[in-house]
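Report on one structure; see the data block that follows.
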Amino acid sequence: MNQSGINPEKIEEAASSTQILIVDDESSVRDVLQRLLSSEGYICRTATCVEAAISALESAPADLVLSDIMMPGGSGIDLLTEVRQRWPDTMMMMITAVASAQTAIDAMRQGAEDYIIKPFNLTEVRMAVGRALEKRNLLLSNRDYRKSLEKKVEEQTGEIRSTFLGAIKALAEALETKDPYTNGHSRRVTELTVTMAKEMGLPREDVEKIRLAGMLHDIGKIGVPEDILHKPGKLTALQFSSIQEHSAMGEKILMPIIKDPEILEMVRCHHERFDGRGYPDGLAGKEIPIGARLMAVADAYDAMTSNRPYREAMPPERAREQLLAGKGSQFDPAVVDLFIKVEDCQELPFCPVSGRPFAVQKKAS
């Protein structure tokens with residue numbers, strides 16, 4: 001380390017790996033610059049024209065290009081344009097005669113870093129090259145730092161979002177646990193919906209989105225008064241309207257945490273009807289996301305086969321009949337058929353009524 005605070009060993013190490021391309025149609029100019037810059041520890045290559053320079057850069061990009069402006073077969077400005085487009089990390093310096101200084105200045109306006117004038121002052125050439133390479137290193141370091149910072153922010157944001165999402169899931173499960181009538185409902189609906197989604201052959205990414213939407217589809221019931229949720233008798237029109245708000249409320253609760261619009265849309269639309277008479281938006285048919293159409297059938301089946309304050313659980317056979325009766329009106333006919341197929345032929349994760357694992361055998365034809 002010298003008195004200026006500069007470490008000569010680091011400078012030498014950096015120079016030894018720095019690639020410089022010298023482009024000039026005059027061999028004497030190329031030779032002078034190559035000898036000078038090689039003596040400084042830089043790795044130097046030469047080219048006699050724009051075409052040869054582009055070929056050299058395609059073979060191995062350079063950190064710095066020194067290019068004459070006036071050359072036969074293409075100017076240094078042509079090369080500058082090509083370098084800016086294809087090798088944006090490469091610095092460009094122009095070589096010009098005294099009479100063409102204005103042309104070099106114009107080149108700087110187009111993206112050149114600096115220019116050197118023939119005949120050369122070797123000290124000025126060294127300094128100009130050093131400045132250009134130092135600026136390049138600073139730009140690259142700043143970019144790497146910015147990317148690193150952005151990555152850290154993204155990771156921290158992901159961790160925060162994951163923490164909040166975990167808390168929301170726990171809250172949804174805790175709310176269900178408090179109510180013996182809905183305990184485990186979201187888990188059962190999720191497993192039924194995911195089983196159907198897999199049977200459909202949906203991509204794994206879509207299945208995982210459906211899984212998350214299923215776990216959280218009723219989170220909006222946080223905003224519904226408990227006396228309405230647990231009312232043993234028939235709801236009034238006003239009370240039913242309050243219940244209907246839970247799907248849109250769920251979307252609103254999750255929006256700051258979940259950025260995937262497909263998941264949010266499934267939460268919002270799981271009470272839409274195939275005939276367009278559902279809520280909150282009155283969507284119909286395939287306007288309703290496939291995940292929400294699957295969830296609607298699983299949700300209805302689990303609700304029908306579970307005890308509720310206002311009625312006893314239906315037998316699974318009766319619930320199946322209700323689903324079949326709702327084909328084309330409340331439910332997507334294809335999804336109901338899929339559900340029946342899954343129930344007949346696939347191992348369900350657990351009984352929708354008891355919650356215990358079981359396998360439904362395929363019925364004899």
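The values are calculated or read from the model by the stated rules, or taken from the named source; none is laboratory data. As the structure is a prediction and not an experimental result, all values here were calculated from the model. Using ideal geometry, Cβ is built from the backbone for each residue, glycine included, and neighbour counts are taken over all protein chains shown.
Quick notes on this one:
- Checked against (1) at positive phi; (2) of a type in the set (Gly, Ala, Ser); (3) touching a helix residue (DSSP H, G or I) at 6+ places or on another chain (Cβ under 9 Å), Gly214 meets all criteria but (1).
- Residue in segment 55-64 that is at positive phi, out of contact with any strand residue (DSSP E or B) (no Cβ under 8 Å at 6 or more places or on another chain) and free of Cβ contacts under 8 Å to residues at least 40 places away in the same chain present: no
- Hey, Ser242 closer than 16 Å to Asp281 by Cα and at pLDDT below 90 or not: yes
- In summary, strands (runs of 3 or more DSSP E) completely within segment 52-121 and bearing 2 or more residues that are assigned by TED's automatic domain parsing to the domain that holds Asp25 and at pLDDT below 90 occur at 91-97, 114-118.
- Which listed residue is part of a loop (DSSP other than H, G, I, E, B) and within 21 Å of Ile290 (Cβ to Cβ), from Leu192, Leu235, Leu202, Leu264: Leu202
- Count - residues of segment 220-261 that are closer than 30 Å to Ile160 by Cα and touching a Pro at 6+ places or on another chain (Cβ under 8 Å): 3
- Residue check for Leu235: modelled with pLDDT under 90, closer than 23 Å to Phe331 by Cβ and more than 25 Å from the chain's Cα centre (by Cα): yes
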